[in-house]
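Down below is the structure, laid out as structure tokens.
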Amino acid sequence: MLEGLSNILKITELRNKVAYTLLMFIVFRAGVHIPVPGVDASVIESLFTAGGLFGLLDLFAGGALSKFSVFAMSITPYINASIIMQLLTAVVPTFEQWSKDGEEGRKKIAKVTRYGTVILGFIQAFGMSYALRANNALIDNSMLSVIVISIILTAGTCLLMWIGEQITAHGIGNGISLIIFAGIVARFPSGFSTIYQYLQVGTINIFQAILFAIIAIAMVVFVIAVTQGQRRIPIQYAKRVVGRKMYGGHSTFLPLKVNQAGVIPIIFASSVLMFPVTLAQFVQVDWVKSIANYFTWGTPIQTVLYAVLIFMFTYFYTAISINITDMADNMKKYGGFIPGIRPGKPTADYVDRVMTRITFAGAIFLAFIAILPNFIGGITGIEGVYFGGTALLIVVGVALDTMQQVESLVLTRHYKGFVK
């Protein structure tokens, strides 16, 4: 690892990319501490002390939501817009054509995604501002104040979107993913501080803290293993002559990832289960609040529904993100075939069966990782320290992806990288 880090410092281009990325991180973390004007900080603090929807989302905002800074919404509207755009690409012919038009098509999709981010961001910002107004958290409870705060929050998200795109263009790794990564990692010291305070006051003992550390390390190793896991289907390409040149005649493989859907099913499931809780924030009706109580984070009904929805969304998202028919047709077009399987429809059926089986394992993995934090507190006695679920998947996934990009840049300069 130390040799790999020293190799980074030897490459001017990579060194500049890393420095630029760190500079953007500093801008991001500085914005987290700039509060939105017109908000009563004492009421915000009481809302987070009581828990609820805002407390659950603060982890992904890197603490910006609890401070209600200009970056309080983080990059969430952009993620939602990207997911919606990806789903529309599978069903809208125009968007599907754009996705096949190379660089020009990707620019059009990115432009529509940005506009969608602004629209979704303002809707989310208005909802948050109105919820604060209902809880008397605004110094001026007028609608004008709600609109002004909504515009400030939307502008903060747009700035984060721009920072992410700049990191992607001039830094190292995927900028949007790294912003989420930085926000989650920034909350780790707070978690360590909470555990230390528990030890100081005697709420937990040293053995419970060690047990928590063992579980955390085991989860990280498990997530890395499954994230990197894939089923490799062998593919043989027949020789063919084009003009005076001969192509094909080599073997390769088709990699099918165990966790093909990534973190998207967890985001879908949590969004669905958050709806009743979010609705209860605005509707002062007893029966609505009673129903919302069943969906509170960690209740038995919420936990079971959470796992079931993750399982369903894993299959759904995998089905729309991978076009197995096109994959089989392209393989046949270029003279490729799976040994023992006829090209065309038999190949598509075979790949579909394999994908269905490994998706089952991926769905169980996602459901297990998502609901495990609900039980860690009961096992270790450490409450209030969130570890696992979406946060762990994002941190591990972004770290692995960034390391692979660094590795590729290092290897192009003929140095040894991180991966042996």
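With Ala50, Ala72 as the choices, which residue is open to solvent by less than 40 Å² (accessible area, probe 1.4 Å) and modelled with pLDDT under 85? Spell out the reasoning first.
Values: Ala50 fails: open to solvent by less than 40 Å² (accessible area, probe 1.4 Å).
Going through Ala50, Ala72 in turn, the sole match is Ala72.
Is it the case that Ile84 is at pLDDT 80 or above, assigned to a helix (DSSP H, G or I) and within 28 Å of Val398 (Cα to Cα)? Reasoning before the result, please.
Details: at pLDDT 80 or above: yes; assigned to a helix (DSSP H, G or I): yes; within 28 Å of Val398 (Cα to Cα): yes.
So Ile84 fits the description; yes.
Take the residues of segment 13-45 that are part of a loop (DSSP other than H, G, I, E, B) and of a type in the set (Val, Ile, Thr): which is surrounded by the most Cβ atoms within 10 Å (Cβ to Cβ)? Before the answer, list the steps.
Here is the first cut: in segment 13-45, the ones part of a loop (DSSP other than H, G, I, E, B) are 33-34, 36-38, 40.
After this cut, where a residue has to be of a type in the set (Val, Ile, Thr) as well, the list is 34, 36.
Numbers: Ile34: 14, Val36: 22.
Taking the candidates together, the pick is Val36.
Taking the conditions exactly as written (open to solvent by less than 50 Å² (accessible area, probe 1.4 Å) and either aliphatic (A, V, I, L, M) or touching a helix residue (DSSP H, G or I) at 6+ places or on another chain (Cβ under 8 Å) (or both)), does Gly344 satisfy them or not? Talk me through it step by step, then tell me what you get.
Numbers: open to solvent by less than 50 Å² (accessible area, probe 1.4 Å): yes; either aliphatic (A, V, I, L, M) or touching a helix residue (DSSP H, G or I) at 6+ places or on another chain (Cβ under 8 Å) (or both): yes.
Yes; evaluated as a whole, the condition is true for this residue.
Cβ-Cβ distance below 7 Å, separation of 6 or more or different chains: which pairs start in segment 235-261 with a residue that is surrounded by fewer than 12 Cβ atoms within 10 Å (Cβ to Cβ) and end on one that is at pLDDT below 65 and assigned to a loop (DSSP other than H, G, I, E, B)?
Partner pairs satisfying both residue conditions: Lys239/Gly248; Lys239/Gly249.
Of (1) touching a residue at least 40 places away in the same chain (Cβ under 8 Å); (2) of a type in the set (Gly, Ala, Ser); (3) not in a helix (DSSP H, G or I), Gly340 satisfies all except one. Which?
So the condition that Gly340 fails would be (1).
Is it true that Leu132 is open to solvent by less than 40 Å² (accessible area, probe 1.4 Å) and of a type in the set (A, V, I, L, M, F, W, C)?
Numbers: open to solvent by less than 40 Å² (accessible area, probe 1.4 Å): yes; of a type in the set (A, V, I, L, M, F, W, C): yes.
Considered against the rule, which asks whether it is open to solvent by less than 40 Å² (accessible area, probe 1.4 Å) and of a type in the set (A, V, I, L, M, F, W, C), Leu132 comes out as yes.
Using the structure shown, decide if Arg187 is touching a residue at least 12 places away in the same chain (Cβ under 8 Å), touching a strand residue (DSSP E or B) at 6+ places or on another chain (Cβ under 7 Å) and basic (Lys, Arg). Spell out how you get there, then give the answer.
Numbers: touching a residue at least 12 places away in the same chain (Cβ under 8 Å): yes; touching a strand residue (DSSP E or B) at 6+ places or on another chain (Cβ under 7 Å): no; basic (Lys, Arg): yes.
Taking the combined requirement at face value, the residue does not satisfy it.
Identify, please: which residue in segment 207-222 is β-branched (Val, Ile, Thr) and touching a residue at least 12 places away in the same chain (Cβ under 8 Å) and is, among those, surrounded by the most Cβ atoms within 10 Å (Cβ to Cβ)? Lay out the reasoning, then the answer.
Start the filter on segment 207-222 by keeping residues that are β-branched (Val, Ile, Thr), which leaves 210, 214-215, 217, 220-221.
Add one more test, that the residue is touching a residue at least 12 places away in the same chain (Cβ under 8 Å), and what stays is 215, 220.
Working: Ile215: 18, Val220: 16.
Checking each candidate, the answer is Ile215.
Quick one: which residue in Ile235, Ile217 is modelled with pLDDT of 85 or more and part of a helix (DSSP H, G or I)?
Values: Ile235 fails: part of a helix (DSSP H, G or I).
The unique qualifying residue is Ile217.
How do the pairs read when you match residues in segment 151-170 that are free of Cβ contacts under 8 Å to residues at least 40 places away in the same chain and open to solvent by 40 Å² or more (accessible area, probe 1.4 Å) with residues anywhere that are part of a helix (DSSP H, G or I) and not hydroxyl-bearing (Ser, Thr, Tyr), using Cβ under 6 Å and keeping only pairs 6 or more apart or on different chains?
Glu165/Gly175; Thr168/Gly175
For Thr194, which of the numbered conditions (1) of a type outside the set (Asp, Glu); (2) in a helix (DSSP H, G or I); (3) open to solvent by 40 Å² or more (accessible area, probe 1.4 Å) fails to hold?
The single condition Thr194 does not satisfy is (3).
The values are calculated or read from the model by the stated rules, or taken from the named source; none is laboratory data. Note that the coordinates shown come from a computational prediction; the quantities given were computed from them, not determined experimentally. As a convention, Cβ positions derive from the backbone with ideal geometry for all residues, glycine included, and neighbour counts pool all protein chains shown. These area figures cover heavy atoms from the full protein model, side chains too; ligands, DNA and RNA do not enter into them. Shrake-Rupley method; radii C 1.70, N 1.55, O 1.52, S 1.80 Å.
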